[in-house]
Amino acid sequence: MLHGCLFSNPTHTWPFSAIAELIDNAYDPDVSAKQFWIDKTVVKDQDCLTFMDNGYGLDLRTMHKMLSFGYSDKTAVNGVQPIGIYGNGFKSGSMRLGKDAIVFSKSKSTSCVGMLSQTYLEKIGAEQIIVPIFSLTSAILSVREEDKASLQDILRYSPFTTQEELLTELNAISPPWSTGKTGTRIIIWNLRRTSTGALEFDFEKDRYDIQIPSEVYDEMTDTFPQPQLSSHIPKSTYSLRAYCSILYLKPQMQIIIRGQKVKSQLVAKSLAWTRKDHYKPNFLVSFYHKFLVPDTC
Ligand SMILES: Nc1ncnc2c1ncn2[C@@H]1O[C@H](COP(=O)(O)OP(=O)(O)OP(=O)(O)O)[C@@H](O)[C@H]1O
Ligand SMILES: [Mg+2]
């Protein structure tokens, strides 16, 4: 079945690289967010991860591209090259973290909501990927006739069961402390669990961090052996805050995890010797071509 193949995408073995896909999208020049917030929240007794940026946001057309596989028309802006090229990162990243995702976005012209949900696809017995999306042009939830079925499906299958709850999430995009009025908010629920049923993230150990507990870490390294140069495990392997602090050579966007800013470390400056190399993973192109052909599933 098509979505069975899609969601077993092995691109991200490590959960932080899945999170990095969402961060990269906000960092890229077509979005140019200045701030990126990562939080854990509880909606209707369910643990959720939220990712929010104050970039340019999406309209209906770009929301369709975001939720569909293989569309990317990113280009360099003022000489800044985009990180994203394959049109796959959001899907593989979000579906690595949980089974279901909802995206709220405000752009200059419109606000829109879209859902990529494995639970929804299973429940409706979908044979192909259906992504309910709707846009609204005014502050109240008045949707176009052709968008009504999408709104109903989102109310029925997402944790947000009333129009007011959806509006509250949309309005969270332009909080008083953000510098802009546009942006995107992604909420992921049905977070991935380990074989023992525990969440793969620890939200308790440090209330300003999101960590991978050592049992989960051990289980993952058994399944996907990591090259072990020494017995020392770098903090960036299990702490999202440490991981984000070294994510970019040129940090241009502030990352805020659970209300506290991440202090960027300029890795290149801390090394005695540095050399620049440009790496383009060509094998991925053939992987995605194969991956996108439904017959291979
Ligand atoms: N936070 C965001 N704000 C606005 N647009 C976004 C955001 N995230 C994704 N998009 C849009 O969705 C599209 C698809 O994103 P996705 O990460 O799946 O692919 P990509 O970034 O183009 O390529 P790659 O697979 O290399 O990451 C992007 O090209 C961009 O237009
Ligand atoms: Mg991307």
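How big is the accessible area of Ile83 in square angstrom, nearest 10, if you roll a 1.4 angstrom probe over the protein chains?
Approximately 80 Å² of Ile83 is accessible to the 1.4 Å probe.
When ligands, DNA and RNA are left out and all protein chains stay put, how many square angstrom of accessible area per residue does segment 11-117 have with a 1.4 Å probe?
Details: 3880 Å² over 107 residues.
Each residue of segment 11-117 exposes 36 Å² on average to a 1.4 Å probe.
What pairs in Lys44/Lys148; Lys65/Lys106; Lys34/Lys205 have C-alpha atoms more than 20 Å from each other? List each step's numbers first, then the result.
On the way: Lys44/Lys148 24 Å; Lys65/Lys106 16 Å; Lys34/Lys205 28 Å.
Too far apart for the 20 Å limit: Lys44/Lys148; Lys34/Lys205.
List, in the order given, every pair from Lys181/Lys235; Lys123/Lys261; Lys91/Lys263 whose Cα-Cα distance in the structure shown is over 32 Å. Could you put the intermediate results ahead of the total?
On the way: Lys181/Lys235 35 Å; Lys123/Lys261 39 Å; Lys91/Lys263 28 Å.
Cα-Cα > 32 Å for Lys181/Lys235; Lys123/Lys261; rest within.
The values are calculated or read from the model by the stated rules, or taken from the named source; none is laboratory data. Please read all numbers here as calculations on a predicted model, not as lab measurements. Remember, those area values only see protein heavy atoms, side chains included, never the ligands or the DNA or RNA. Shrake-Rupley method; radii C 1.70, N 1.55, O 1.52, S 1.80 Å.
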